[in-house]
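Below: one structure, written as structure tokens.
Values in this text are rule-based calculations from the coordinates and carry no lab data. Keep in mind that what you see is a predicted model, and the values were worked out from it rather than measured. Here Cβ is always computed from backbone atoms with ideal geometry, including for glycine, and neighbour counts include all displayed protein chains.
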2 protein chains.
Amino acid sequence: MSEQRHDLGASFAWLARAMIKGEAPILQAHDVEMWDYVVLVTLERGPASTQSELAAASGRDKTRLIPILDRLEARGLLRRTPDPADRRNRVVALTTAGRELLASCRSAIREMEAEFLVDLDPDERATFVAVLERLADAVRER
Amino acid sequence: MSEQRHDLGASFAWLARAMIKGEAPILQAHDVEMWDYVVLVTLERGPASTQSELAAASGRDKTRLIPILDRLEARGLLRRTPDPADRRNRVVALTTAGRELLASCRSAIREMEAEFLVDLDPDERATFVAVLERLADAVRER
DNA sequence: TATTGTTATACTCTATAACTATA
DNA sequence: TATAGTTATAGAGTATAACAATA
């Protein structure tokens, strides 16, 4: 009975840590912090109509989001525009430069990930990646 | 092309967060902090011959481990005994009480996990859990 | 001199609560 | 009065370096 598996939470945490380490040199080469990248990724599907919404979607809170947006906007990677309909809101959207930087980061990360999964056989790998995506999406929706 | 999957790191991180949330009420009911539990789990396979070794295995560092060990030892869940061979070292081992508390936490966590995976079909689930374990173990060994 | 366990210090990150501007 | 965005403050968590005991 000593051959028990680890808790799912522990395994997820170790793997998250490993991937963060693997992404670090890539993000550094593009001069973005991890959370900068997370925000860019979140914006990829489309502009966020409010910053609070963006905060929730990216897993930060609205106060910690501010310096990130300041930094990225200063570099011309995104734009904050007041919403004419409700001028309290600021719509956040990627610029072309932001989209390009994101694409470059992503392809490097995909390579790193492929290397990481290289020992799995193709069927296993496909199942694993698909289930992982499905479970994570379910969690994100809550 | 907008139907891209998320980065593995992001998915792992969201899932880790979700499992930590799911474990919280269980650990609270047993009056242990998350890192207390991690240390108990690490000790389950056998005593740690030094605290630094235990720190590395549990993913903390040796200084942050101290208050955890103090707490758990005070509750009689583990024991620190000086190593006669090298009296600088302190061997850390679970007590019976520690092992019992651990077993109780674990079975509750396994129920929570089963509930979390309930929508997967059995084959998928088996593959997913096995691959997850294998990948995480590979990462832990480094 | 080097290492184990420990303590102390400084630093970063995070959460909370105020503030402003709009509604 | 309530909400979006922002700023400021306090608290928790983390990393680093110093310390005592042993080798």
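Remarks
- Taking a Cβ cut-off of under 13 Å around A:Glu23, the surrounding Lys, Arg, Asp and Glu residues balance to a net charge of -2, with basic ones at +1 and acidic ones at -1.
- Database remark: amide H of B:Arg90 closer than 5 angstrom to the amide H of B:Gln51, B:Asp83 (H placed geometrically; neighbours at sequence offset of 5 or more, or on other chains; Pro and chain starts carry no H).
- Spin-label model, B:Thr96/B:Ala29: points 7 Å from Cα along the beta carbon direction are separated by 2.5 nm.
- About its Cα centre, chain A has a charge dipole of approximately 840 debye under the convention of +1 per Lys or Arg Cβ and -1 per Asp or Glu Cβ, with nothing else charged.
- Computed over chain A with a Gaussian network model linking Cα atoms closer than 10 Å, the most mobile of A:Gly46, A:Gly98, A:Gly59 is A:Gly46.
- Mean separation of Cα contacts under 8 Å, 6 or more apart, over the residue count of chain A: relative contact order %: 21
- Centroid-to-centroid, using Cα positions, the stretch A:78-99 and the stretch B:90-142 are 44 Å apart.
- Peptide B:111-123 has a mean shielding of 2, counted as Cβ atoms of other protein chains within 10 Å of each residue's Cβ.
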